[in-house]
Amino acid sequence: MIEKDYICIICPLSCDLHLTDDNGELTVTGNTCKRGEMYAKSEYTNPVRMVTTTVTLENGLCPLLPVISSDMVPKSKFRECFDLIYNTKVVAPIKEGDVVIPDILGTGVDIVSAKSVVSKMS
Ligand code: SF4
C-alpha cells in the first residue's frame, strides 16, 4: 500500500489530506468536501498547475513580457514547457490575452500575454 499526505489548496481551510493507494484503489481521508478528494487524487495521479513566467520582448518599453497559461498544465510537462517558453521571443506591440504559444506541447493550453505593451515607437 502507498500512502501520501497533501494539504488541500482549493480553499483557505487547508485541510490535511491523506491518500492511500491499495492496488489502484484510491482512498482519501481528512477532506471536508468532495473537492479535497478530487484534489488529492489529481495530485497523486496527474498533478497540474498554472504556468506564469515571462518571455523575451523585443521593441517594447520593457525587455520581458509576463505570460500565463490559459488553463492548468501537467507538472510532468513543465521542463519541456519552460524550455519552449524561454526560447520564445515576441515583438511589441502586444495586447493582454494575445496568444504567444498556441496549444503548448499538444496540451490544448495556450500561453497568453498577461499584459498589453506598446512598441517603443508608439
Ligand atoms: S477539502 Fe474542501 S474544505 Fe477542505 S481545503 Fe479542500 S476545498 Fe476546502
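For residue 23, state whether it is of a type in the set (S, T, N, Q) and touching a helix residue (DSSP H, G or I) at 6+ places or on another chain (Cβ under 7 Å).
No: the conditions fail for residue 23.
This table checks each residue for (1) over 21 Å from the mean Cα position of the chain (by Cα); (2) farther than 26 Å from residue 2 by Cα.
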residue: 34; (1), (2): yes, no
residue: 38; (1), (2): no, no
residue: 58; (1), (2): yes, yes
residue: 66; (1), (2): no, yes
residue: 77; (1), (2): no, no
residue: 83; (1), (2): no, yes
residue: 114; (1), (2): no, yes
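Would you be able to say whether some residue in the stretch 77-92 is surrounded by 12 or more Cβ atoms within 10 Å (Cβ to Cβ), within 19 Å of residue 10 (Cβ to Cβ) and not assigned by TED's automatic domain parsing to the domain that holds residue 19?
Checked the stretch 77-92: no residue is surrounded by 12 or more Cβ atoms within 10 Å (Cβ to Cβ), within 19 Å of residue 10 (Cβ to Cβ) and not assigned by TED's automatic domain parsing to the domain that holds residue 19.
Among 29, 45, which is the only one that is farther than 21 Å from residue 87 by Cα, within 12 Å of the ligand (Cβ to nearest atom), of a type in the set (S, T, N, Q) and surrounded by fewer than 16 Cβ atoms within 10 Å (Cβ to Cβ)?
Only one candidate qualifies: 29.
With touching a residue at least 24 places away in the same chain (Cβ under 8 Å) and part of a loop (DSSP other than H, G, I, E, B) as the only criterion, which of 62, 81 stands out?
None of the other options fit; the residue is 62.
The values are calculated or read from the model by the stated rules, or taken from the named source; none is laboratory data. Nothing here was measured: the structure is a model prediction, and the numbers come from that model. Backbone-built Cβ (ideal geometry, glycine too); neighbour counts: all protein chains shown.
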